[in-house]
Amino acid sequence: MTRDTVKKPPSLDSDQVRAFLKINPDFLKNNADLIKEITPPARDLDDGILDFQHFMVKNLQAGSKDLREKYDLLVEYCRDNMSVQSQVHHAALRLIRTRGIEQLLEVIALDLVSLFDVDVVRLAMESDIRFDTSYGEQNFSGMVFVDPGMVDASLGKGKNVLLVEDCAAVPPAGFGQVFSDCDGMIASCALLRLQMDTIDRNVILAFGVRHKGRFHPGQGIELLNFL
């Protein structure tokens, strides 16, 4: 059906509405949700007397609208949380299934970028020896080596997750090393400490995006801790 063929509801004047309500006295009772859309009448009580019932109904209508908005925000938050949970579970499974360093780096550079819809994913490992890890403009994701002590400096001792809302305003320690070759384009980032006791090195899994505010301290970190 095209837009031109959609029938518009007939326009009604006040007399027709009154006649309809007289014939259907239970209409508002059976459609109570319409009450909040109707402007309540103000009674003229003379002598400067205020009709508090009028104000009470208006306040109830405002409260109902506010409650509805909060409900919509809660539904949106739950949907986002379920989406993130699914992303984290898929990422964990792909990482678990890797069978070598090459496959691991492929998952980090390609799969995690797609799963989390970010611009850059870096595995930053502390090392006394610096290796050449320059990246081109086509793909900035992969592995990078940082100075010893950089992980604790970035996250703080005993902290496993750091969410940065605006990297330009408050860049974390070692930001230029973690996101070398692309630190100028990263506006928001998430840094995760990885426990790798078998190699006795401190490691960060870093996610970077071009848009400020993608990550912020008010976000829950339970799923990132799980990852």
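The values are calculated or read from the model by the stated rules, or taken from the named source; none is laboratory data. Source: prediction; values computed, not measured. Here Cβ is always computed from backbone atoms with ideal geometry, including for glycine, and neighbour counts include all displayed protein chains. The accessibility values were calculated without ligands, DNA or RNA, using every heavy atom of the protein model including side chains. Shrake-Rupley method; radii C 1.70, N 1.55, O 1.52, S 1.80 Å.
How large is ³J(HN,Hα) for each residue in the stretch 188-194, as worked out from phi by the Karplus curve 6.51 cos²θ - 1.76 cosθ + 1.60 (θ = phi - 60°), to whole Hz, x for Gly and Pro?
Result, rounded to whole Hz: 8, 8, 10, 10, 10, 6, 9.
Please report, in debye to the nearest 20, how large the charge dipole of the stretch 99-227 is about its Cα centre when each Lys and Arg carries +1 at its beta carbon and each Asp and Glu carries -1 there.
Values: 10 positive and 18 negative charges, 62 e Å.
Value, rounded to 20: 300 debye.
Taking 8 Å as the Cα distance limit and 6 or more residues as the minimum spacing, I'd like the relative contact order of the stretch 90-158 as a percentage. Don't skip to the end; give the middle numbers.
Numbers: 69 pairs, mean separation 19.4, N = 69.
The value is 28 percent.
Label-point separation (nm) for Y71 and R201, each offset 7 Å from Cα along Cα-to-Cβ?
5.4
Once both labels are modelled 7 Å past Cα along the beta-carbon direction, what's the A169-A153 spacing in nm?
In this crude spin-label approximation the distance works out to 2.4 nm.
Taking only the Cα atoms of the stretch 130-227, how large is their convex hull per residue, in Å³? Working shown, then result.
Values: hull volume 10.6 nm³, N = 98.
That works out to 108 Å³ per residue.
In what sequence, largest accessible area first, do I101, I186 appear using a 1.4 Å probe? Write out the running numbers ahead of the final one.
On the way: I101 85, I186 10 Å².
Largest to smallest exposure gives the sequence I101, I186.
If I ignore ligands, DNA and RNA and count only protein heavy atoms, how much of F140 is accessible to a 1.4 Å probe, in Å² to the nearest 10?
That residue has around 30 Å² of solvent-accessible surface.
If R0 is 35 Å, what FRET efficiency do you get for A19 and L60 from their C-beta distance, rounded to 0.05?
Details: r = 28 Å, r/R0 = 0.81.
Efficiency, from the Cβ-Cβ distance: 0.80.
Would you please give the residues with an amide H less than 5 Å from that of V120, counting only those at least 5 places away or on a separate chain, with H modeled from the backbone geometry?
Correct list: G208.
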